[in-house]
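Written below as structure tokens is the structure these notes are about.
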Amino acid sequence: MAAGGGEGQAAEPEAAVEPEVAAMEEPRSFKDLGVTDVLCEACDQLGWKMPTKIQIEAIPVALQGRDVIGLAETGSGKTGAFALPILQALLETPQRLFALVLTPTRELAFQISEQFEALGSSIGVHSAVIVGGIDTMSQSLALAKKPHVIIATPGRLVDHLENTKGFNLRALKFLVMDEADRILNMDFETEVDKILKVIPRDRKTLLFSATMTKKVQKLQRAALKNPVKCAVSSKYQTVEKLQQYYIFIPSKFKDSYLVYILNELAGNSFMIFCSTCNNTQRTALLLRNLGFTAIPLHGQMSQNKRLGSLNKFKAKARSILLATDVASRGLDIPHVDVVINFDIPTHSKDYIHRVGRTARAGRSGKSITFVTQYDVELFQRIEHLIGKKLPAFPMQEEEVMMLTERVAEAQRIARMELREQGEKKRSRNDNDDDTEEAIGVRNKVAGGKKKKRKAF
Ligand code: AMP
């Protein structure tokens, strides 16, 4: 169960938190929300014709200088909801090291930085991404240039605050915590506390989260001043245009069912969630052996490989991305058509985040959750959380069974490849490997340092 025991519970409004801002009747323009012309133009250039619901609620409040707790589902335009007020404040009082955005994952940090750059390019905004897995020296140089906005994962930021000469955040004006409940679940609490100690108390704090645990409320007390809660949906909901299905199957035929579904829905782009790095890697190998263009993304890959995988998938050079929950939150991959929960999520809230990878920004999408004989209870918890019973995905069992022989052969080869990769890795004492290259030959430096890395 998630830290704080908040799993599955809707947040109780805090006494200090003002009631939700009433939802506006009509969609408005960014200009109506008080966004300045140059930023309205930037939105226009990104193709953002109208503000999204969370933007309608959060932007005016943030522009008034209030602290915000934004509760919004994934793909709701959360980044714009905090980036626009920050950029506008920056225009009014230009200053270096103006805003800090904390995010739980490295990929999310890069994605947020892209939106800051896109919205802020015409006003000359510089941002720096400070995340683990990347050379500290180049980050120190980037920090020495004093960017306007820093987007960081907490651990690496603390590292720089403690070790990079001349770097401090004493003049900071804005702090954003994105996916805040995850920051807590991932044991970032100590780092976050350290960061809060070295930034000014007199600042604006914007806290965004799709789900809210009691623990986040603890954090609100520590960091927010008289915040306004802007909720697009206060219940745990999944987006309206998402068709959600399950399949109930024997565990030993999971691979065959996966192949069947990939064939049935051929032509779509897929994100397949697995529970462990090892199973992600194995399944990627299996699918590649069967001729699918599949690519893995998990915490045992180097940061460069992770970004490489993500970019290949984003550029549609690969149609199947297999991932652990490292990719379940916040990543903006607009063309995901189908999310497959190959391994059912253990925390039901992760279900919401995973299926939030599809049906984003008004598009439609499908999700299919694999439920084996071992997963029934977890699945019931998910149905309880989302408040509905899901339909079964229609399948022809006989056609699945016709696949088993080919799949078994591909499984055998995948197991062999996985073993070979493991052996190579051990002999190189280097854990920066992944499926893409591991299948081919790899000429690499021996004796690389073994890094301690949080893998999930
Ligand atoms: P986010 O929830 O911040 O990850 O945003 C999800 C996607 O919606 C991103 O691709 C944004 O570029 C896009 N987006 C954000 N705001 C708008 C808007 N007002 N109109 C259209 N698309 C938007």
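If you take the square roots of the eigenvalues of the alpha-carbon gyration tensor of the stretch 163-203 and sort them as a ≥ b ≥ c, do you get rounded (a/c under 1.5), prolate (a/b over b/c) or oblate? Note, shape of the stretch 163-203 comes out oblate. What the phi angles of the stretch 293-306 give under the Karplus curve with 6.51, -1.76 and 1.60, with θ = phi - 60°, is a coupling list of 8, 10, 9, x, 9, 8, x, 9, 9, 5, 4, 5, 5, 5 Hz, glycine and proline written as x.
Each residue of the stretch 82-93 was assigned a 3J(HN,Hα) from its phi angle through the Karplus expression (A = 6.51, B = -1.76, C = 1.60, θ = phi - 60°), giving 9, 5, 5, x, 5, 5, 5, 5, 5, 5, 6, 10 Hz with x at Gly and Pro.
Taking all protein chains as they are arranged and a probe of 1.4 Å, the heavy atoms of Arg96 leave approximately 110 Å² accessible to solvent.
Using a probe of 1.4 Å on the protein chains alone, the accessible area found for Glu398 is around 120 Å².
Taking a ≥ b ≥ c as the square roots of the Cα gyration tensor eigenvalues, with a/c under 1.5 meaning rounded and otherwise prolate when a/b beats b/c, else oblate, which class fits the stretch 65-128? Oblate, because a/c is 1.5 or more while a/b does not exceed b/c. In this structure, the pairs whose alpha-carbon distance is over 23 Å, taken from Lys49/Lys316; Lys31/Lys225; Lys146/Lys197; Lys145/Lys314; Lys316/Lys388, are Lys49/Lys316; Lys31/Lys225; Lys145/Lys314; Lys316/Lys388. Average accessible surface for the stretch 77-151: 33 Å² per residue, computed with a 1.4 Å probe over protein heavy atoms with every protein chain in place. In percent, rounded to a whole number, the relative contact order of the stretch 111-171 is 32, using alpha-carbon pairs under 8 Å and six or more apart.
Label-to-label distance, Leu378 versus Gln243, with points set 7 angstrom from Cα along the beta-carbon direction: 2.6 nm. Over the stretch 47-90, the fraction of Cα-Cα pairs per 5 Å bin, rounded to whole percents and listed from the shortest bin up, is 5, 25, 36, 23, 10, 1. The accessible area of Ser127, taken with all protein chains in place and a 1.4 Å probe, comes to roughly 30 Å². List, in the order given, every pair from Lys165/Lys229; Lys78/Lys241; Lys165/Lys204 whose Cα-Cα distance in the structure shown is over 30 Å. Over 30 Å apart, Cα to Cα: Lys165/Lys229. Among the protein heavy atoms of the stretch 254-402, carbon and sulfur supply 49% of the accessible surface, probe 1.4 Å, non-protein parts ignored.
Database remark: amide H of Ala231 closer than 5 angstrom to the amide H of Val21, Leu71 (H placed geometrically; neighbours at sequence offset of 5 or more, or on other chains; Pro and chain starts carry no H).
The values are calculated or read from the model by the stated rules, or taken from the named source; none is laboratory data. Just so you know, these numbers come straight off a predicted model, no measurement behind them. Note that each Cβ is placed from the backbone with ideal geometry, even for glycine, and that neighbours are counted across all protein chains shown. Surface areas here come from the heavy atoms of the whole protein model, side chains and all, with no ligands, DNA or RNA. Shrake-Rupley method; radii C 1.70, N 1.55, O 1.52, S 1.80 Å.
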